[in-house]
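What follows is a short report on a single structure.
The values are calculated or read from the model by the stated rules, or taken from the named source; none is laboratory data. Keep in mind it's a predicted model, so treat the numbers as computed, not measured. Neighbour counts are summed over all protein chains in view; Cβ atoms, including those assigned to glycine, are modelled from backbone coordinates with ideal geometry. The protein model used for the area step is the full one, side chains on, heavy atoms only, and it has no ligands, DNA or RNA in it. Shrake-Rupley method; radii C 1.70, N 1.55, O 1.52, S 1.80 Å.
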Amino acid sequence: MDFISGETVGIILFFIGLFGLMTKKNILKTIMSISILQSGIYLFFIADDLPNNSIPPIGETLEKPVADPVPQALMITAIVIGLGITAIGLTMFIHYKKRYGISFWSRNRSEERSDQ
Amino acid sequence: MIEAFILLGVVLFALGTVVSNSLRRSIIYMGGFSLMMILSYLFYRAPDVAFAETTIGLGLTSLLYLVALRRVKIYSICYVDNTIETFSDKNIHEISSIFLNELELFLEKEEEMESQFSYSTRPLAKLLDQPEHDLIIYKEKDTLYLYGNSSDAIFSDIVHFANIIVKNDYEIKAIFKDTEDLYEPN
Amino acid sequence: MNLTKLILGLRFFLVILGAFLMIFLFIESKEIEVTIPSLKNYYLNFYYEDTAAKNSVAAIYLNYRVFDTLFEALMLMVSVMEVIHISWGNKHLIQRSILRKEFYKNNQSEVVLHFVGIIFPFLLMIAFYIIINGHNSPGGGFQGGAILATALIARYLIYPNEYLDLNILEKLEKFLFVIILSVPIFFIFMNDFSGNFIFNQIYLVTMNILIGFKVFFGLGVILYRFIFFERLN
C-alpha cells in the first residue's frame, strides 16, 4: 500500500479543514476547522522524506538512517503559534458573543419557515 | 499495517469533528483527533513534536474550547412524569426512542441550537413556576402537553412542526405559560 | 431549497477535486530526482561537536536556527497582548485587577482536592525535568512551560478564591522576552563558541529555562483570563 502514507493523509486533512471552513456556519466550528487544517500541514512536513527503518534524531552517535530534524524543529514552534491563533479566535468569539449575541456567521433558515 | 490504522483513525476523527452537528461531540472528537495525531508523530519518529502536541494540543486547547462552549446558548428541555418513582435507564431509552431524539435532531439541524434534557418526577405545578426550563413536556395517557413562552420563537417553531417531530399517534396540546392560551396543531 | 443543495454539492465537488489534484501532483513530483546537497546531512554530522546537545532538534532550534525561536516567542507575546486587549479593551488599567468580592465559594469535591494534592509535586517535578534535561532527551522549554501552565490549573482547582495578579505575570513575560533576545545576541551572534563544550551546555540549559518560564507566564495569563471571563465582565 504505497498510497496510504503520511503525506497523502496530510493533504486529505487539509481539505477536510477547508470543507469545514466553507460549509459550517458556527464560529466555534470554524476555529476547529482551522486547527484541523493546521494539523494536516504538520503531518505533511513530518512524514515527508522519511527513510525506511529510521530512528529518531536523538543521541550522541547516530547510526544511519535518521529522521530529518529540521522540519521537526520548525513544527514545534508552529504548534505553539497554533495555540496562540486558537486563543485569539476564541477570545474574539466570546467577546462578540457577549456584545452582539452572535454565534453564527449567518442563520440557515429555510424558505418555508420565513413565510409564517 | 499499524500506520494504516493510525492514519485511518486520524481521518475518521477529523471527519467526525467537522461533520457532527453537536458542538459537545465535536470537542470530544477533537480530543480523539489530537490523540491519533500524537500516535502518528510517534510513528514518524518525532518524539519532540509528540510531546508538544500532548501538552498543548490535547491538554490546553481542549480546556479553552470547553470554556468557550459555556458562552453558547443552550435550550433546556424538561420531561415530567409523575407516574413513576425514579427514572431508570430503561425509561429514558424508551422516551428517547419515541420523540426526544427527533426533537434533538430538529433543534440541531433547523434551529442550530444545543439542547439539554432533564427528567423530573416532581409535580408539574412546581416546575411551571420556575423560569429555568425553556420547554416542559408532560405526558398523560395519549396526550402530550408542551409548556412554553409565547414570545419564544423556537417554541413556536417546535409547536408548528410538532406533528412531524412526533411520529406516533399522540395528541399534542401546546399551552403558553404567560397568556395561558391553548393551541392544538391540526 | 434546491439552490442551497446545489451550492453545497458544488463546494463538496471543489474540495474533492482539489484533494485529488494535490495528491496527484505530489505523487508525480516524487519521481523527479533532486540533487541538492541537503542541510540535514550537515546538521546530523556536526551537531554534537558544534552545540554539545544530544538532541539534534534542540540543537537546531536553540543554536543553528535560533531566529525561529526568537520570532516564535514574539508571536506568543503578541497573542497574549491581543487576548488581554480584546477582553479588557474598554476598561482602564486600574479596573483590570481581579476584585476579591467577585469570587464566590466553590463547593469543591473531596476526591478532586485530595488527588490534585497528591499529583501536584509530581507535576512540578516532571515539568522541571523536561525543561532542564531538554537538550539531552525529548522535551525542552515549550513543552515544560506548557506543563507548568497545567500546574496553574491544578492550583486553581484547589484554591479557586486565591488572588493572582495577572499584571505582574504579563510584565514578567515581557521582561523575560528581552532577556531571551539578549542571551543569543551576546552568546552566538557576537562570539564563536562552537566546539567549547562547557559554555555551550550552560547556554543550552539557560535558554531552555528562560523559554520555559516565558511560555509558562504567557499561557498562564491566557488560561486565567479564559477561566475568569464570565465572572469579571
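So if I check each of A:Ile4, A:Ile41, which one is open to solvent by 20 Å² or more (accessible area, probe 1.4 Å) and not in a helix (DSSP H, G or I)?
Exactly one residue qualifies, and that residue is A:Ile4.
Sort out which residues of the stretch A:97-108 are in contact (Cβ under 8 Å) with a residue 24 or more places away in the chain and facing chain C (nearest Cβ under 10 Å), and write them in order of number. Within the stretch A:97-108, just A:Asn108 meets the criteria. Pairing each residue of the stretch A:59-77 that is more than 8 Å from chain C (Cβ to nearest Cβ) and under 10 Å from B:Ala46 (Cα atoms) with any residue that is polar (S, T, N, Q) and surrounded by fewer than 19 Cβ atoms within 10 Å (Cβ to Cβ), provided the two are 6+ apart or on different chains, yields C-beta distances under 9 Å for A:Ala67/A:Ser54. Of the residues screened, B:Thr55 is one that is of a type in the set (Ser, Thr, Tyr) and either in contact (Cβ under 8 Å) with a residue 24 or more places away in the chain or in contact with a helix residue (DSSP H, G or I) (Cβ under 6 Å, 6 or more places away or on another chain) (or both). Which residue is most open to solvent (accessible area, probe 1.4 Å), if the candidates are limited to the stretch B:52-89 and must be of a type in the set (Ser, Thr, Tyr) and out of contact with any strand residue (DSSP E or B) (no Cβ under 8 Å at 6 or more places or on another chain)? Taking the candidates together, the pick is B:Thr83.
Can B:Asp181 be described as closer than 16 Å to B:Glu102 by Cβ and open to solvent by 60 Å² or more (accessible area, probe 1.4 Å)? No: the conditions fail for B:Asp181. Return yes when C:Lys105 is modelled with pLDDT under 85 and loosely packed, with under 15 Cβ neighbours inside 10 Å and no when it is not. When the stated conditions are applied, C:Lys105 passes them.
Applying the set (1) free of Cβ contacts under 8 Å to residues at least 24 places away in the same chain; (2) in contact with a strand residue (DSSP E or B) (Cβ under 9 Å, 6 or more places away or on another chain) to B:Ala153 leaves exactly one unmet item: (2).
Answer yes or no as to whether B:Ser62 is of a type outside the set (Lys, Arg) and in the same structural domain as B:Ala162 (by TED's automatic domain parsing).
no
For the stretch B:9-29, a residue qualifies if it is of a type in the set (A, V, I, L, M, F, W, C) and either open to solvent by 20 Å² or more (accessible area, probe 1.4 Å) or within 14 Å of chain C (Cβ to nearest Cβ) (or both), and the qualifying residues are B:Val11, B:Leu12, B:Phe13, B:Ala14, B:Leu15, B:Val18, B:Val19, B:Ile28. Quick check on C:Phe228: is it within 19 Å of the chain's Cα centre (by Cα) and within 14 Å of another protein chain (Cβ to nearest Cβ)? No; evaluated as a whole, the condition is false for this residue.
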